[in-house]
Amino acid sequence: QVHLVESGGGLVHTGGSLRLSCTGSGSDFSIYAMAWYRQAPGKQRELVAEVTSGSSTNYGDSVKGRFTISRGNNKNTVYLQMNSLKPEDTAVYYCNAYRDYTEYWGRGTQVTVSS
């Protein structure tokens with residue numbers, strides 16, 4: 001069975017930092033693009049950052065310059081380093097892996113930024 005498990009969420013003050021981790025199991029995620037999405041209450045899920053199997057990256061406009069996505073050495077793990085956090089970054093953050101017509105999601109981890 002394929003699983004994506006996120007960790008690292010929590011409560012932080014404005015300007016603080018958090019590092020999210022997502023570890024995949026049950027498949028070879030080195031051939032998948034992996035991404036972080038987030039969903040705030042009452043809002044649609046939005047792309048935060050993605051990294052391709054070739055390690056190219058793409059970021060949502062609201063996080064450019066503050067967040068960094070990277071893969072672990074074993075390629076089955078993806079990280080999201082979040083710096084200069086703002087209250088508007090508060091959301092549930094979801095890990096995603098996709099390739100062709102196959103897509104997997106984690107259950108999410110809550111990030112709350114207090115003002």
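The values are calculated or read from the model by the stated rules, or taken from the named source; none is laboratory data. Everything numeric here is computed off the predicted structure, so don't read it as measured data. Using ideal geometry, Cβ is built from the backbone for each residue, glycine included, and neighbour counts are taken over all protein chains shown. For the accessible areas, the whole protein counts, side chains as well, though only heavy atoms, and no ligand, DNA or RNA atoms are used. Shrake-Rupley method; radii C 1.70, N 1.55, O 1.52, S 1.80 Å.
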Residues in region 15-48 reached by a label modelled at residue 55 [backbone nitrogen below 16 Å; 7 Å Cα→Cβ]: 30-34
Choice from 52, 68, 102 showing the highest fluctuation, given a GNM over the chain with Cα pairs closer than 10 Å: 102
Protection proxy ranking of 20-29, 75-84 - average other beta-carbon atoms within 10 Å, highest first: 75-84, 20-29
Backbone HN-Hα couplings from phi across region 29-46 [Karplus 6.51/-1.76/1.60, Hz, Gly and Pro as x]: 7, 5, 9, 9, 6, 10, 8, 10, 10, 9, 9, 8, x, x, 10, 6, 5, 10
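Taking the solvent-accessible surface of protein heavy atoms with a 1.4 Å probe, what is the per residue accessible area of region 62-114 in Å²? Intermediate values should be presented prior to the final figure.
Details: 2760 Å² over 53 residues.
It amounts to 52 Å² per residue over region 62-114.
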Hits among lysines - C-alpha to C-alpha of residue 64 under 19 Å, sequence gap 8 or more where chains match: 86
Nearest-20 debye value, the chain charge dipole, Cβ charges on Lys, Arg, Asp, Glu: 200
Cβ-derived FRET efficiency at R0 30 Å, residue 1 paired with residue 43, nearest 0.05: 0.50
Segment residue 73-residue 107, length gained on full extension (0.36 nm per residue, minus Cα span): 9.9 nm
